[in-house]
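Any read-out appearing in this document is the output of simple, stated calculations on the displayed coordinates, not a laboratory observation. Just so it is clear, the structure is predicted and the values come from calculations on it, not from any experiment. Backbone-built Cβ (ideal geometry, glycine too); neighbour counts: all protein chains shown.
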Amino acid sequence: MSDTPLVSIIFVIYNSAHRLPALAVSLDADPGMAACELIVVDNDSTDTPTRWLQHAQWLVLPSNLGYGSACNRGAALARGDYVVFCNPDILVTPYWCQRLVAHLDAHPLVACITPETRYPGESIPLGTGVADRDALPGAALMMRRAEWQALGGFDEQFFLYWEDTDLCWRAQRAGRRTVVARDVEITHSRNGSGGGAQTWLHLYIQNGIYAHLKSQSWARVVWFVGKQLIALPWRLLRSRDPRLLAAFGWNIRHCAATLRHRQNILAGLHVPSKGTP
């Protein structure tokens, strides 16, 4: 690892020790890692993951703060000109970071870039150049560190889900592009930090409404909220989870503060949104 890194790679883990051996092999096989520093933020895991990735800088948090909060704390330690926020259940390809950096250098208006993401058993055709996307998955999301700081980092209200989309949408509101690098590939196994989608469905709904209210057109807000309301009776019958109703209640209680965030974002005031609004 470099003493003067070009890229700071930040992995956020939570009970992800079973994913780290394959990740370590993947990183060790990449000659480009010599120009990078590796930062691992552990969200208070209980599965003793520190025996892996021992060459990394480790930050062990006293409690599980969520993905965005952990990313922010990892980025505060970063020394690279570029930061890339990663899930632990990815496998990388040689020089993936350098190729993403080359695209950022070639496209000054691009704020956020990710590789093409392949899932196990899938084959995706690679291309050339970059392709614009409305939002990017956060499995391996790269930005210039200065630009990430200017946008205020991740909104720490998002414990899980939508924090990457919110960051992309705020970048777009600032006149920037969010793109996929068509010639760079990673493999993503999904669910690298425990917990299935149904376990966290209430957060998907709560955070999705919050993210739309913060920066999207009113038409998109109505579309998203309406879709969640239509699905709510069936979801309640299936899961009997009162948190699904609470997800709507949370947004009602915090609507005034969220709309103040919206005013700031639409006015170009990119301040961090940390904690409950």
Assertion target for 227, 214, ordered by fewest C-beta neighbours within 10 angstrom first, is 227, 214
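Please work out whether region 42-97 counts as rounded, prolate or oblate from its C-alpha gyration tensor, where a ≥ b ≥ c are the square roots of the eigenvalues and a/c under 1.5 means rounded, while otherwise a/b larger than b/c means prolate and anything else oblate?
oblate
How much net charge surrounds residue 221 when only other residues with a Cβ under 13 Å from its Cβ are counted (Lys, Arg +1; Asp, Glu -1)?
Every neighbour counted, the sum reads +4.
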With +1 on the Cβ of every Lys and Arg and -1 on the Cβ of every Asp and Glu, the dipole magnitude of the chain about its Cα centre, in debye rounded to the nearest 20, is 1160 debye
Counting only DSSP beta bridges with both partners in the chain, the antiparallel fraction in percent, to the nearest 5, comes to 30 percent
Summed over the other residues with a beta carbon less than 9 angstrom from that of residue 96, with K and R at +1 and D and E at -1, the charge totals -1
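Summing +1 for each Lys or Arg and -1 for each Asp or Glu, what net charge is found among the other residues whose Cβ lies under 9 Å from the Cβ of residue 80?
On the way: positive: 79, 145; negative: 37, 81.
That sum, taken over residues with Cβ under 9 Å, equals 0.
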Rounded to the nearest 10 degrees, the helix 243-253 long axis (Cα) sits at an angle to the longest Cα principal axis of the chain of 80 degrees
Per the 1/(1 + (r/R0)^6) rule, R0 = 41 Å and r from the Cβ atoms of residue 263 and residue 55, FRET efficiency to 0.05 is 0.35
Relative to the chain, whose Cα atoms define the longest principal axis, helix 218-239 and its Cα axis are tilted in degrees, nearest 10, by 80 degrees
